[in-house]
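What follows is a single structure, written as structure tokens, with notes after it.
Just so it is clear, none of the values below were taken in a lab; they were calculated from the coordinates. All of these numbers come straight from a predicted model, not from anything done at the bench. Ideal geometry is used to build each Cβ from the backbone, glycine not excepted, and the neighbour counts take in all protein chains shown.
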Amino acid sequence: MDFHVLTLFPEMITESMKISITGRAIESGALTVNAVNIRDFAFNKHNKVDDYPFGGGAGMLMQAEPVYLAWESVQKTLEKPVRTIFLTPQGETFTQKKARELASEDALIFLCGHYEGIDERVLEEIVTDPISIGDYVLTGGELPALVVMDAVSRMVPGVLGNEESGETESFSAGLLEYPQYTRPQVWHGKEVPEVLLSGHHGNVDAWRREQSILRTLKSRPDLLPSSDLTNKEWAFVRALKKQWKEERAEEKKKDTLKKAEGCSAAADTASTKEDRS
Ligand code: ADE
């Protein structure tokens, strides 16, 4: 996979990608990272790439021409049109599904904005995939580009040492990952679940699957409808929901009772005080 990144801060991209798994993948040739400085395509003697927005408003905008020239300098070295990802809070929210889809490409171009944004006209001409990494606003597109490249990289063959882990982790079956434990067997008085020490692979797999379902139901129930649950597992989910609902009702009952007891104790104290006076 060849990543080309159009940015005002190329070191932010190259230095981050050199670290750990992506760094090893660059060394092995499974990944290449080409960070292109948009400022090198400025067309004025001050190397300025931003200007005031027409119509007024806060901040500066990146101009269309340097962005276009930077993009063109990359695209013309490639054999075919390559998908151009623009990192923006207005884009489609990034998901594991999108990471898998992008990982099937041979090359990708990322466009990182700064200041208040980029002139719309160049975006219309070059962007194929506007992507957001979540509903919050960052100062630039470099961190989101690194997020997307990281998630895409681990789906590229040869990047992860262990081919299996790309598939078994969170989201691959639409479920969150089960809890994991390593040595020591007891830490802060907490024991590793017995089943993981049993050496019985069938039981371990069943326990992990159940834990994945439990975690997803607790933290991200919205993921369940598009997961790969069997009918039996759906029945398990329904039973759990019912059980939790009953437990909550029981808690509420206890709370109400406690409050009522507190009120009557306070009323008793008040009437005793009144009797004395
Ligand atoms: N640029 C600024 N904020 C962003 C976000 N949340 N996602 C993608 N790109 C961005």
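Counting alpha carbon pairs within less than 8 Å and at least 6 residues apart, what relative contact order, in whole percent, applies to the chain?
For the chain, the relative contact order is 17 percent.
Determine the dipole magnitude for the stretch 157-262: charges of +1 sit on the beta-carbon of Lys and Arg, -1 on that of Asp and Glu, nothing else is charged, the reference point is the Cα centre, and the result goes in debye to the nearest 20.
For this selection, approximately 720 debye.
Please identify the trypsin sites (Lys or Arg not before Pro) of the stretch 15-79 that satisfy two criteria: DSSP loop assignment and at most 14 other Cβ atoms within 10 Å. Which are they?
K18, K45, K48, K76
Which angle from 0 to 90°, rounded to the nearest 10, does the C-alpha axis of helix 142-153 make with the longest principal axis of the chain?
80
Given Cβ point charges of +1 (Lys, Arg) and -1 (Asp, Glu) and nothing else, what value in debye, to the nearest 20, does the dipole of the stretch 54-174 about its Cα centre take?
Here the size comes out at about 20 debye.
Find the relative contact order for the stretch 80-171 and round it to a whole percent, using C-alpha pairs within less than 8 Å whose residues are 6+ positions apart.
The value is 39 percent.
Name the residue farthest towards the positive end of the dipole of the stretch 2-153 from the options Q75, G117, M17, assuming +1 on Cβ of Lys and Arg, -1 on Cβ of Asp and Glu, about the Cα centre.
With unit charges placed on the Cβ atoms, the residue in question is M17.
Which value, to two decimals, describes the C-alpha radius of gyration of the stretch 170-229 once divided by 2.2 N^0.38 Å?
Rg over 2.2 N^0.38 Å, computed on Cα atoms: 1.26.
Which longest uninterrupted range of the chain lacks any chymotrypsin sites (Phe, Trp or Tyr not before Pro) assigned by DSSP to a loop state (not H, G, I, E or B) and surrounded by at most 15 other Cβ atoms within 10 Å?
Segment 182-277 is the longest.
In debye, nearest 20: dipole of the chain around its Cα centre with unit charges on the Cβ of K, R (+) and D, E (-)?
Computed about the Cα centre, the dipole is about 1160 debye.
When a/c is below 1.5 the answer is rounded, else prolate if a/b is larger than b/c, else oblate, so apply that to the stretch 68-145 with a ≥ b ≥ c taken from the square roots of the Cα gyration tensor eigenvalues.
Oblate.
Could you work out the relative contact order of the stretch 170-229, using alpha carbon pairs under 8 angstrom and six or more residues apart, expressed as a whole percent?
For the stretch 170-229, the relative contact order is 50 percent.
Setting aside same-chain residues fewer than 8 positions from K258, which lysines have a Cα under 27 Å from its Cα?
K241, K242, K245, K273
For the chain, what is the largest minus smallest coordinate of the Cα atoms on each principal axis, given in angstrom and ordered from greatest to least?
90, 64, 38
Can you tell me the FRET efficiency between R39 and E105 if r is taken as the Cβ-Cβ distance and R0 is 30 Å, rounded to the nearest 0.05?
Efficiency, rounded to the nearest 0.05: 0.65.
Can you pull the three principal axis extents for the Cα set of the stretch 2-153, in Å, largest first?
47, 34, 28 Å, listed from the longest principal axis down.
Relative to the longest principal axis of the C-alpha atoms of the chain, give the angle of the C-alpha long axis of helix 64-75, reported between 0 and 90° and rounded to the nearest 10°.
Around 80 degrees separate the two axes.
Please go through the stretch 60-111 and write out the GluC sites (Glu not before Pro) that DSSP classes as loop and that have at most 16 other C-beta atoms within 10 Å.
E79, E105
With a 10 Å cut-off between alpha carbons and a GNM built on the chain, which of A64, A42, A239 moves the most?
Judging by the Gaussian network model, the answer is A239.
Need one number: nm distance between label points at T95 and V204, each 7 Å from Cα along Cα→Cβ, rounded to one decimal.
Label-label distance for T95 and V204, simple model: 3.2 nm.
Find which of V237, Y136, G56 sits farthest along the positive direction of the dipole of the chain, computed with +1 on the beta-carbon of Lys and Arg, -1 on that of Asp and Glu, about the Cα centre.
Value: V237.
Dipole of the stretch 66-198 (Lys/Arg Cβ +1, Asp/Glu Cβ -1, origin at the Cα centre): which of M149, V192, Q90 lies farthest to the positive side?
Looking along the dipole axis, the top candidate is V192.
By how many nm would the segment from D150 to T77 lengthen if fully extended, with 0.36 nm per residue of separation less the alpha-carbon distance?
Roughly 23.9 nm would be gained on extension.
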